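Every number in this text was worked out from the coordinates using simple rules, so none of it is lab data. Source: prediction; values computed, not measured. So basically every Cβ, Gly included, is an ideal-geometry build from the backbone, and we count neighbours across all protein chains shown.
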Amino acid sequence: MRTIKLKPPKLSSSLLGCGMAVGLCVTGMPAALADEGRLLATGGATQIEGSAGGGIVPWALISGYGTEDEVGGTAFLTNVDVPHYNLVSGGAAVGLYDRVELSYARQRLGLDNTVLSGLGLNTSPAIRQDIFGVKVKLLGDAIFSQDTLMPQVSVGMQYKRNLDFDFIPKTLGARSADGTDFYVAATKLFLGGLDGRNVLLNGTIRMTKANQMGLLGFGGPGNNTYQAEFEGSAGVFLDRANTWMIGAEYRQNPDNGLGAPLGVSLHQSAYKDAYVAYIPNKRFALVAAYANLGSLPATTQPGANSSNNSGMYLSGQFSF
Amino acid sequence: MKKTSAILGGLLILSAAPWVVAADAPSLYDQLGGKPAIQKVVDDMITHVAADPRINTFFANANIPHLKMELVSQICAGTGGPCTYTGQSMSAAHKGMNIDSAQFNALVEDLQLSLADNHVPTGLGNKLLAILAPMKKDIDHK
């Protein structure tokens, strides 16, 4: 029987909070008119460059919980502490009709005063960069196409502008203060895929010249061309409601021979993380990870080599 | 070389289904507890739907006993039970209803609530959802 259709209002009602969120909200509040028509956890978290993804890898999912009839989005703040470095990233993304994602993030890499001792500096400076992202879903549906192996596929780009290029990146031999990464990401959820648990797999290939995501500039003495790098994520949802997820990620980086002008060898290696995500409702998500940000130099003393840097990653996301 | 093999590894992961079904495994229908269990899940789902202002108007004039019977029959058939679904195709049944994704997902969430109410093991519930999920393309925006 045909009945009158109740169309959810658009963005105007979307900031009313969990009380208006849909049924899976932990508070069990009545349902909902916000733009949160997608299922819990299907907007992913926000990766460290501001795109919907895991912790370090962009996924094919579009940010927020908006369906193809809705506009959604997220804001996030992430902190990573590794020896000698602190990386803070914050920003926001808008998901348009589950098709296009626009994102912005500001990253700030703080260095402790041992890092720059080789430059004769005794300060605790920071390197900042802005990242503007666009992602477009091309085809597939990561969640509902359970009858095929076809993943959801998106393409994206991240334009990055280093704000402190002349200070350190240039000194290390980086060629450019700005650069653009291009990527294609394929993401698929396998409902009941592993011993009855829901499994998410993602593979991303990125074309990039970035040193440490661009925080150390783009290109270098050893290479100044685009390299194809692989990034992968795998995660398992632990509970029925998909509020807890554990997983791991891997992200290759180009090695552009940074540090050569100083006689320092800063081989850039892959990023890795192992994470726990807590997604209690469609408002908030928290991700805690043990992350390895590849090799960052402990000092810039001549002859120094880069050392591996692992530490705590914490990220909070608010969806609207 | 290292890079190439990592890319290949990633593609392999994406192309391999991570489940393996043994040929003589009991059907999902039997694992769920057969028709009585499925009827209970459907009954409770409809109770949640009736209380769900996002979608209950769709069902305001529906023949609920008939709807439940068709849903049970469909789930029974889809999970390997001894039933044949004889109702309308999903696209025919929803034609002209202008159901959007948010409303389809609302029904999924009501089903998830019912699965939880009935303590259906998470793995069985996920497998049931995997069977039903592809129907979305025949239901919304028709």
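Just a few scattered comments:
- With Rh defined as the Kirkwood radius, the inverse of the mean 1/r over Cα pairs, the Rg/Rh of region A:146-226 is 1.22.
- For A:R108, net neighbour charge (Lys/Arg +1, Asp/Glu -1) across residues whose Cβ lies under 12 Å away: 0
- Translational diffusion of region B:27-139, µm² s⁻¹ [Kirkwood Rh, Cα pairs; Stokes-Einstein; 20 °C; 1.002 mPa s]: 150 µm²/s
- Using a cut-off of 28 Å between Cα atoms, the listed pairs A:K188/B:K142; A:K137/B:K68; B:K35/B:K142; A:K272/B:K136 include A:K137/B:K68; B:K35/B:K142; A:K272/B:K136 as exceeding that distance.
- Cross-link partners for B:K95 among the aspartates and glutamates, with Cα-Cα distance under 12 Å and sequence neighbours closer than 8 places in the same chain left out: B:D138, B:D140.
- If you sort the three axes of the alpha carbon gyration tensor as a ≥ b ≥ c, you get a/c of 1.5 or more for region A:57-148 and a/b above b/c, which makes it prolate.
- Computed from point charges on the beta carbon alone (+1 for Lys and Arg, -1 for Asp and Glu), the dipole magnitude for region B:27-139 about its Cα centre is near 240 Debye.
- Cα extents of region A:189-320 along the three principal axes, largest first (Å): 54, 31, 26
- Residue order, fewest to most beta carbons within 10 Å, for A:W59, A:W244: A:W244, A:W59
- Our summary gives region B:27-139 a relative contact order of 39 percent, counting only alpha carbon pairs under 8 angstrom and 6 or more residues apart.
- Here the residues B:C83, B:C76, ranked from fewest to most Cβ neighbours within 10 Å of their Cβ, fall in the order B:C83, B:C76.
- Sorted by Cβ density within 10 Å, fewest first, the residues A:V276, A:V71: A:V276, A:V71
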